[in-house]
Amino acid sequence: MSTRNLEYLFRPQSIALIGATDHLHAVGNVVARNLLASGFEGALAGVNPHLPNLGLPVYPDVASVPFVPDLAVICTPAPTVPGLIEELATRGTKAAIVISAGFSGVEGEPLRQRMLEAAGKHLLRIVGPNCLGVLSTPAKLNGSFAHVAAKRGRIAMVTQSGAILTTVLDWATARGIGFSHLVSMGDMSDVDFGDMLDYLASDAETDAIILYIEAVTHARKFMSAARAAARVKPVIAIKSGRHPAAAKAALSHTGALAGSDAVYEAVLRRAGILRVKTLEEVFDALETLGMGYVPHGEKLAILTNGGGAGVLATDALLDLDGTLAELSPATITTLNAAMPLTWSHGDPIDIIGDAPPERYAAALKILLDAPEVDTVLVMNCPTAVASSSDAARAVIDTCAAAHRTVITNWLGALAAEEARALFTAAKIPTYETPDEAVRGFMHMVRYRRAQDTLMQVPAALAEGMHPDRAKAHALIEDALSRGLTWLPPQDVAALFAYYAIPVARSLFAATPKDAAACAKKIGGPVVLKIVSQDIVHKSDVGGVALDLMGSAAVTAAAQAMLDHIAQAAPNARIDGFLVQEMVDRPNATELILGMTEDKTFGPIMLFGRGGTAVEVIADTTLAMPPLNMALAHTVIARTQVAKALRGYRDRKPADMDAVAGALVKLTQLVSDLDDVAEIDINPLLADDTGVIAVDARIRIARAAERTSWRMSISPYPADLEQTAQIDGLGRCFLRPVRPEDAPAFTEFFAHLTPDDIRLRFFSMWHSLPQRQLARLTQID
């Protein structure tokens, strides 16, 4: 993970365009014209053996260029690129934009590898291949074949799609929106999202960052860079591919529910990135976040001169699960004294259609002074009896001394045009419709929540936990040595006991006769379950019998179970039976807790409403481990089942700390045990007395055999990516530092400068004691 040499990409002093041509519609010609038109003030040259001049000096080959170019833009066929990179890197070029395509597939992959090897020897950085190019307005650089030049601004956009870049650029230019940098990443053979976030986080020309993501590579790098960037400026992302054409069959409920898009949702949330779904939302979000507006709370007051408009805004707010401020008696009394008798006497605050500027100013000042209000949305409907522009000026003047966030929505077109211009000049967010205004406010709310999440750094050990790691590792190792894929139920119960996860009492029985004896030991009604490595969903094949009382009933049920499974799953190997106490909690809520491994991001936790219809109900959410209690409560609150857990009618509220605690303990288990590949607890019963796991399964596999998300390949053996384990020493990307991590930290920091360290670890380990950090990094 490095910003090494990226300054030559964004601030080059000299550029060589390889593949410059006079063919009017060729990429090399468009790039040449864009470079010339951008006003680049450094040395500029083209390379083409058959072209004498193109408005810039053109040379027959790289060796003939009279200066060493900081940056090369390459538009030649793919087979020529590795040799060109070798020649440029040898001369001292530090960065290249490879616009050429043809580096994938059977024929293209060897070219890609040769290109990276040639660059890596000299630490030349590559954007692309197969990209649109790079625009950097502070450097007056347009090294792209975009059809429109970018206006200068303070927004950076990084995208995997060149088409999205040109669409956004066209749209933004028409609206007068400018950019600091626009980067088309293409195939991301070298420079990727992590590198870009690293650079832009400390770029003084950039106030906000937009990402268009199709897929993330080098997940560890991405998570660390995203968290660091999001701590210092808004990062907004669109993730495409939200609806896969088909879902693959999964071995557990957790695996079935943890879809790719849901994983990205959890990842972006944990990284502190605000995710939006459309391009319109990007600019809605930038309207507020780009101006630095972040409210201290989530309660919105709506001030309007039109009752209908206020209702529309209220509906939009509630549709997005926003919070309407409830005016205190003191605030209402103050408004009564300043407003006409016919004002609405509640939120939304309708100050009547004839409201003059003075009434707007008076009402807004009262709301800004009200402690129960965090943000005010001021709305205006055009009327013939009051000036919309004068009302806007009154709002602007009142906001001058405000310590709370104000956003505006002036409805209409002609009547609102001047007001919107006034608000823009005053740097007050303004929107054309109530829906857009409320959506902009909710973007601020979500961004604030993300910032709060970034401040949460789980302790190295979950609260109050003292797991027996040695016994847990030994249990897993024993099961693996026996060639097991699914942990036997009795071992699942033992493993949960090591992590203080409550589980129903159970005993293993090899035969129906043994099952009867176990039932007698447990006493009372029991549940009988088949134990088989070949049967995952036991109820599907008649492998579960409930509420059995007495030895005879258990013996009969066990024999009947064997007979039925012999028909339903004749090839299944039967290991025995699990005899479990019958848990009687009639008012309990069924939950599901689980973990599965994403091929890119590794372990992902699942929480939601459980039961046999869990996939149909689909009331679940995902989170990245590890978690602390605060984060766990946040995860629970994202589900609909959280409402049931809070109690209703004659049902008492569940013990929410016990539910959150179970989730935290499970993430601790996941963080400790690399060989646990999948967990499914369904149901976990929760009521006012606590929680208990009734059924659970755990899949195990050697960690070394599951490398898809663990491996990161870098073209730079000495570069930081090879030692990026710092972002996820052990199991989880966000795991805090432990004493045993010190040797790996020492090795990693040997590759970093003090400036790199300050940028990289400010957000992820800001709670690490300074003396410990200094000792590990060997710097002051």
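Multiplying the residue separation of residue 68 and residue 25 by 0.36 nm and subtracting their alpha-carbon distance yields 12.7 nm. Eight or more residues apart or on different chains, and alpha-carbon atoms under 20 Å: count the Lys pairs in segment 471-538 matching that. So the count works out to 5. Pull up all non-local amide H partners of residue 678: gap of 5 or more, or a different chain, and H-to-H distance under 5 Å with H placed in the peptide plane. It is 699, by chain and number.
To the nearest 0.05, what FRET efficiency results for residue 342 and residue 13 with a Förster distance of 56 Å applied to their C-beta separation?
Details: r = 67 Å, r/R0 = 1.20.
Between residue 342 and residue 13 the formula returns 0.25.
Computed from phi, the 3J(HN,Hα) profile of segment 94-101 under the Karplus parametrisation 6.51, -1.76, 1.60 (θ = phi - 60°) reads 9, 8, 9, 9, 9, 7, 4, 9 Hz, with x in place of Gly and Pro. Based on the reciprocal of the average 1/r between different C-alpha atoms, the Kirkwood radius for segment 490-579 equals 13.2 Å. Taking a straight Cα-Cα cut-off under 21 Å and skipping sequence neighbours fewer than 8 places away in the same chain, the lysines within cross-link reach of residue 652 are 643.
So what is the diffusion coefficient of segment 1-149 in µm² per second by Stokes-Einstein at 20 °C and 1.002 mPa s, using a Kirkwood Rh over Cα pairs?
On the way: Rh = 15.0 Å.
Estimated diffusion coefficient is 143 µm²/s.
Taken along its three principal axes, the alpha carbon spread of segment 315-421 comes to 37, 33, 27 Å, from the longest extent down to the shortest. What the Cβ-Cβ distance of residue 214 and residue 615 gives, at R0 = 35 Å and to the nearest 0.05, is a FRET efficiency of 0.85. What is segment 653-704 by shape, rounded, prolate or oblate, if you read a ≥ b ≥ c off the alpha carbon gyration tensor as root eigenvalues and call it rounded for a/c under 1.5, prolate for a/b larger than b/c, and oblate otherwise? Note, shape of segment 653-704 comes out oblate. In the chain, the C-alpha radius of gyration followed by the widest Cα-Cα span (Dmax) gives 30.7, 98 angstrom. With both labels modelled 7 Å from their Cα along Cα-to-Cβ, the residue 477 to residue 33 distance reads 6.9 nm.
Would you tally the net charge around residue 514, using a Cβ to Cβ cut-off of less than 15 Å, leaving residue 514 out, and scoring K and R as +1, D and E as -1?
Spelling it out: positives minus negatives among the neighbours equals +3.
One quarter of the convex hull surface built on the alpha carbon atoms of segment 81-133 amounts to 3.1 nm², the projected area averaged over directions.
The label point for residue 703 and the one for residue 403, both projected 7 Å from the Cα toward the Cβ, are 4.9 nm apart. Given their separation in residues at 0.36 nm each and the Cα-Cα distance between them, residue 689 and residue 546 gain 49.2 nm when the chain is fully extended. Put simply, the amide H of residue 299, placed in the peptide plane, has neighbours under 5 Å in 374, 375, leaving out anything fewer than 5 places away on its chain. Full extension of the chain between residue 109 and residue 649 gives 188.1 nm of extra length, using 0.36 nm per residue less the Cα-Cα distance.
A simple spin-label model places the labels of residue 173 and residue 637 4.4 nm from each other, with each point 7 Å out along Cα-to-Cβ. Peptide packing for 209-222, 37-50, 594-607 was compared via the average number of neighbouring C-beta atoms within 10 Å per residue; ordered from the highest value, the list is 594-607, 209-222, 37-50. Across segment 48-54, coupling constants 3J(HN,Hα) worked out from phi with the 6.51/-1.76/1.60 Karplus curve, θ = phi - 60°, read 6, x, 10, 10, x, 7, 8 Hz, and Gly and Pro carry x. For segment 123-147, the residues whose backbone nitrogen is under 12 Å from a point 7 Å from the Cα of residue 41, taken along Cα to Cβ, are 138-141.
Since every read-out is calculated from the coordinates, none of them should be taken as a lab result. All values derive from a computational prediction rather than experimental measurement. Cβ atoms come from the backbone with ideal geometry, glycine included; neighbour counts cover every protein chain shown.
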